[in-house]
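Each remark here refers to the structure printed beneath this line.
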Amino acid sequence: MVHEINGRKQEVPGAGSKKSSPVLHALYSSQMLRTAIDDDHNFKSHKDLMKFLKSYIDLISHKYRFWNRTSGADHFLVACHDWATRISPQEITGNSIRSLCNSNAAKGFHIGKDTTLPVTYVRSMEEPTRDLGGKPPSDRPILAFFAGSMHGYLRPILLQYWENRHPDMKIFGPLPRDLAGKKTYREYMKSSKFCICARGYEVHTPRVVEAIFYECVPVIISDNYVPPFFEVLKWEEFAVFVKEKNVPNLGRILSSISEEKYLRLQRGVKAVQRHFIWHKKPIKFDLFHMVLHSVWHIRMLQLKQGLKNGIPR
């Protein structure tokens, strides 16, 4: 996304140019920063990332006049690292809008101030929509599918209850990471009615967007997860949310969904698919524009509520 924004400076100005944009992008990547610190052998903990982020914000606030007018309320930053919420507290980032993958409402993600960044893999820069879609609903014999590493506390519970326990549920640990394993993973998604999106170490998972890619209804098992674009998308029309405590009842919950409701959900997945796709050159209503719309929505909401400086006027 950083590269896309850099390529469209007239529409989304950088920190040094206000022009007519309601928000300015603070160019920052927690993952790239950690990699750079690792390369210098200086990385010890997330506090090192906080120190560098603070230094960057200080640089912006001293070099450009825009940050100090609102304490960053008209700026936004994007971060998809698991630690992003922890390393960007308000005492460092001020009133800026954060677009975060780790959108845990119980651990530092603030609805109405932060936005959710969808976790997604771009498998081909030249053909990002390659291999999109899946089998028609009538040709999906698998009720539910999951495969993944045992990150966090929830996935081992999922396997404990459902691995080899239900003939129509294909619940596995990690599949091989070679080309054959990745193809098998995609084919399972393309052949399943429901795709289990169980949280890992944190609340977010790329399986949500993967399921949408392959037109499989996502089943999100991640308490306190705030889904992307919830201000404009009705997630209940194309996804199923299951409480973590209800994993033992997962088979019954999914089996009880009528064919009529499943078909309605699957049509909903196909309808929103375009909003979760990156393109080499952004097109209307794609993921690039949806992320920026979420940021714009938060800023407009702040202004309407009289939060020009992040606090009531």
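How about the range 227-247: which of its residues are out of contact with any Leu (no Cβ under 9 Å at 6 or more places or on another chain) and open to solvent by less than 30 Å² (accessible area, probe 1.4 Å)? Scanning the range 227-247 gives Phe229, Leu233, Trp235. Taken together, the criteria place Leu250 among residues that are modelled with pLDDT of 95 or more, over 30 Å from Arg98 (Cα atoms) and either surrounded by fewer than 18 Cβ atoms within 10 Å (Cβ to Cβ) or in contact with a strand residue (DSSP E or B) (Cβ under 9 Å, 6 or more places away or on another chain) (or both). Cβ separations smaller than 7 Å between residues 6+ apart or across chains give the following pairs from the range 45-61 residues that are among the acidic types (Asp, Glu) to residues that are surrounded by fewer than 17 Cβ atoms within 10 Å (Cβ to Cβ) and in a helix (DSSP H, G or I): Asp48/Ile37. Which one is surrounded by the most Cβ atoms within 10 Å (Cβ to Cβ) among residues in the range 113-140 that are at pLDDT 90 or above, in a loop (DSSP other than H, G, I, E, B) and of a type in the set (Gly, Ala, Ser)? Looking at the filtered set, the residue picked out is Gly134. For Phe288, the stated conditions do not hold, so it cannot be described as within 18 Å of Cys101 (Cα to Cα) and open to solvent by 60 Å² or more (accessible area, probe 1.4 Å). Could you please let me know if Pro167 is open to solvent by 20 Å² or more (accessible area, probe 1.4 Å) and within 20 Å of Arg140 (Cβ to Cβ)? Yes. Take the residues in the range 267-285 that are touching a Gly at 6+ places or on another chain (Cβ under 9 Å) and not in a loop (DSSP other than H, G, I, E, B); name whichever of them is least open to solvent (accessible area, probe 1.4 Å). Among those residues, the one meeting the criterion is Gln273. Scanning the range 141-154 for residues that are of a type in the set (A, V, I, L, M, F, W, C) and open to solvent by less than 10 Å² (accessible area, probe 1.4 Å) gives Ala144, Phe145, Phe146, Ala147, Leu154.
So is Val209 touching a Ser or Thr at 6+ places or on another chain (Cβ under 6 Å) and either β-branched (Val, Ile, Thr) or closer than 26 Å to Leu132 by Cα (or both) or not? In short, yes. The strands (runs of 3 or more DSSP E) falling completely within the range 141-249 that include 1 or more residues that are under 30 Å from Ile298 (Cα atoms) and in contact (Cβ under 8 Å) with a residue 60 or more places away in the chain map to 217-221. Figure legend. Inter-residue proximity from the range 250-262: first residues more than 21 Å from Asn164 (Cα to Cα), second residues assigned to a helix (DSSP H, G or I) and hydrophobic (A, V, I, L, M, F, W, C), beta-carbon distance below 8 Å, spacing 6+ or different chains. Indicated pairs: Ile257/Leu265.
The values are calculated or read from the model by the stated rules, or taken from the named source; none is laboratory data. Every value quoted in this text rests on a predicted model; they were computed, and no experiment measured them. Cβ coordinates were reconstructed from backbone atoms using ideal geometry, including for glycine residues, and neighbour counts include every protein chain displayed. Heavy atoms of the whole protein, side chains included, go into the accessibility calculation; ligands, DNA and RNA do not. Shrake-Rupley method; radii C 1.70, N 1.55, O 1.52, S 1.80 Å.
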